[in-house]
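These notes concern the structure reproduced below.
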């Protein structure tokens with residue numbers, strides 16, 4: 001999607017605001033509401049595309065000006081449409097981006113997330129206003145969000161990032177990492193995932209046996225080595241098994257379960273200094289990391305009856321366009337199980353990216369957007385479409 005170069009927009013920062021979220025104070029024409037919502041949705045998609053481009057080119061001033069102009073247009077359109085309640089939210093985001101544009105605030109991944117979440121809230125509230133002729137969002141929460149956004153523009157440089165994260169948490173409380181529940185048994189600490197792992201296996205027809213119990217034990221030990229991995233395999237398992245079921249089980253559920261448990265077991269033997277490194281890996285470190293699928297494959301292949309799982313593990317980092325590893329397989333050469341696991345793994349890496357914040361995970365909406373950008377190059381579009389259906393269902397039931 002191409003965004004035309006915008007005209008220069010004048011802007012003045014606003015101070016503290018007492019906001020109101022009341023349909024009674026709006027002047028929107030109900031007959032034109034659906035058309036306006038469609039226009040806002042189109043504008044949101046344009047913003048998303050520019051934000052994605054900015055992630056790849058954060059110092060591109062033209063892209064920054066495009067994004068600022070789009071957000072200014074959103075505010076102007078809300079004013080012209082008479083949706084006065086939502087103008088303060090749009091104003092706050094415009095203020096933040098104005099400071100970014102003027103190089104008063106550094107553009108970052110967290111700013112991207114903040115804008116996307118604010119756009120998502122704007123669209124949600126607008127949808128409520130049009131379909132229900134009222135808002136189902138607490139006015140006090142709305143004031144708190146607007147205040148948090150204002151705090152970002154008014155923060156000292158040293159405190160600004162924490163202010164951004166505070167606002168993100170208000171916009172999407174699910175970005176808060178929930179601690180694992182643990183139980184001490186003798187001298188051992190046993191992790192208990194927050195939802196019932198065994199019920200997930202039962203739901204999708206996995207026949208739990210001694211081998212799977214062994215793989216599960218290895219997985220729990222692996223997750224215990226780093227807090228960034230805690231709960232990860234259960235999340236992957238739920239997504240992978242549900243995608244497989246939606247596609248009428250082209251992969252044997254037991255084999256897929258074993259692959260989820262064992263696909264990153266080779267990472268358990270890597271130095272934590274590499275696994276927790278904040279910056280880019282050097283060539284030698286990257287080469288070492290890329291050996292981990294072979295480790296999991298070799299462990300499974302030594303055990304009778306797990307050939308399918310071993311192949312899934314070996315190829316879960318192959319890519320649709322042939323640029324993956326270890327064998328540079330292309331579309332049609334990659335097993336369905338490896339395709340499923342690659343998508344679940346990619347999504348979880350984005351929602352729980354450890355360098356993003358020690359206490360936060362990436363917002364759900366941002367992670368979905370990024371994963372869909374991989375369709376047709378890194379990931380098979382067919383399986384991405386299935387993922388989209390599955391992840392929305394899991395999210396609506398608060399499993400993800």
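The values are calculated or read from the model by the stated rules, or taken from the named source; none is laboratory data. What you see is a predicted model, and the numbers here were worked out from it, not measured in a lab. Cβ placement follows ideal geometry from the backbone for every residue including glycine, while neighbour counts extend to all protein chains displayed.
Give the residues of region 326-341 that are in a loop (DSSP other than H, G, I, E, B) and either at pLDDT 95 or above or not assigned by TED's automatic domain parsing to the domain that holds residue 263 (or both), sorted by residue number.
Those that are in a loop (DSSP other than H, G, I, E, B) and either at pLDDT 95 or above or not assigned by TED's automatic domain parsing to the domain that holds residue 263 (or both): 326, 327, 328, 329, 333, 334, 335.
Of everything in region 60-69 that's in a helix (DSSP H, G or I) and more than 23 Å from the chain's Cα centre (by Cα), which residue is farthest from residue 37 (Cα to Cα)?
61
Select from region 71-116 the residues that are closer than 12 Å to residue 51 by Cα and either over 23 Å from the mean Cα position of the chain (by Cα) or part of a loop (DSSP other than H, G, I, E, B) (or both) and write down the one among them that is modelled with the highest pLDDT.
Once the filter is applied, the top-ranked residue is 107.
Does region 100-114 hold any residues that are in contact (Cβ under 8 Å) with a residue 60 or more places away in the chain and out of contact with any helix residue (DSSP H, G or I) (no Cβ under 6 Å at 6 or more places or on another chain), and which are they?
109
Going through region 21-59 one residue at a time, which ones are surrounded by 15 or more Cβ atoms within 10 Å (Cβ to Cβ) and assigned to a loop (DSSP other than H, G, I, E, B)?
The answer is 21, 26, 28, 58.
Which numbered condition in (1) assigned to a helix (DSSP H, G or I); (2) surrounded by fewer than 17 Cβ atoms within 10 Å (Cβ to Cβ) is the only one that residue 136 fails?
(1)
Filter region 249-288 down to residues that are outside any helix (DSSP H, G or I) and modelled with pLDDT of 95 or more and give me whichever is nearest to residue 325 (Cα to Cα).
Residue satisfying both the conditions and the ranking: 263.
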